[in-house]
């Protein structure tokens, strides 16, 4: 009977512990870099044993992949919430406003995916796979917006919008967030206007 209670408690705590590990890793990875954050540091912050940590994440790479997947899910939900069907200009304005607002928040360090790609140069690394998948999703979203705007070559326009988005994220991280949203919104508008001529 006592063993059953222990197993039940362990089962209930498992997801909560995994979530605490992931939350601590997310904060540290984003603030201090992935390679600059050791598993031991995360373990100490969460207050768990190494055995518990490795039960949830057998390798640090598994944790990094989970962190990026969580970031991707959050960014996709955010991006989708800004999309207004049939209003590509409004969607791009909302995206520009969102990036501008985020870049003014304390602790903003740019794009988690660009940061991760800078730390993991091997294109075959599972970390890069998650980065590439998410960036492809974002390109597809920009292509969908370009298609709504009547752009004849949405793939090319999507790449241009992505370059602008990436540049805005880097500028925000470097402290150049003053009027970032206005500049990005104007740049998005210029790309769409030029592509539809």
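Could you check, for region 63-79, whether at least one of its residues is more than 20 Å from residue 173 (Cβ to Cβ) and loosely packed, with under 14 Cβ neighbours inside 10 Å?
Taking every residue of region 63-79 in turn, at least one turns out to be more than 20 Å from residue 173 (Cβ to Cβ) and loosely packed, with under 14 Cβ neighbours inside 10 Å.
In the set 185, 177, which member is surrounded by 14 or more Cβ atoms within 10 Å (Cβ to Cβ), in a helix (DSSP H, G or I) and in contact (Cβ under 8 Å) with a residue 60 or more places away in the chain? Talk me through it step by step, then tell me what you get.
Numbers: 177 fails: in a helix (DSSP H, G or I).
Of 185, 177, the one residue that is surrounded by 14 or more Cβ atoms within 10 Å (Cβ to Cβ), in a helix (DSSP H, G or I) and in contact (Cβ under 8 Å) with a residue 60 or more places away in the chain is 185.
Hey, could you check region 31-60 for residues that are touching a residue at least 60 places away in the same chain (Cβ under 8 Å) and in contact with a helix residue (DSSP H, G or I) (Cβ under 6 Å, 6 or more places away or on another chain) and say which is nearest to residue 132 (Cα to Cα)? Write out each step before concluding.
Narrowing region 31-60 to residues touching a residue at least 60 places away in the same chain (Cβ under 8 Å): 31, 33-35.
This time we only want the ones that are in contact with a helix residue (DSSP H, G or I) (Cβ under 6 Å, 6 or more places away or on another chain), so: 34-35.
Values: 34: 17, 35: 19 Å.
My answer is 34.
For region 93-105, indicate whether the set of residues that are over 19 Å from the mean Cα position of the chain (by Cα), under 24 Å from residue 170 (Cβ atoms) and assigned to a helix (DSSP H, G or I) is non-empty.
Of the residues in region 93-105, the ones over 19 Å from the mean Cα position of the chain (by Cα) are 93.
After this cut, where a residue has to be under 24 Å from residue 170 (Cβ atoms) as well, the list is 93.
Still in the running and assigned to a helix (DSSP H, G or I): 93.
Yes: one or more hits.
Taking the options 131, 127, name whichever one is over 11 Å from the mean Cα position of the chain (by Cα), within 20 Å of residue 33 (Cβ to Cβ), modelled with pLDDT of 95 or more and crowded, with 18+ Cβ neighbours inside 10 Å. Quick ask: steps written out before the conclusion?
Values: 131 fails: over 11 Å from the mean Cα position of the chain (by Cα).
Result: 127 is the single residue among 131, 127 that is over 11 Å from the mean Cα position of the chain (by Cα), within 20 Å of residue 33 (Cβ to Cβ), modelled with pLDDT of 95 or more and crowded, with 18+ Cβ neighbours inside 10 Å.
The values are calculated or read from the model by the stated rules, or taken from the named source; none is laboratory data. Keep in mind the model is a prediction, meaning the values are calculated, not measured. With ideal geometry, Cβ positions are generated from the backbone for all residues, glycine too; neighbour counts draw on all protein chains shown.
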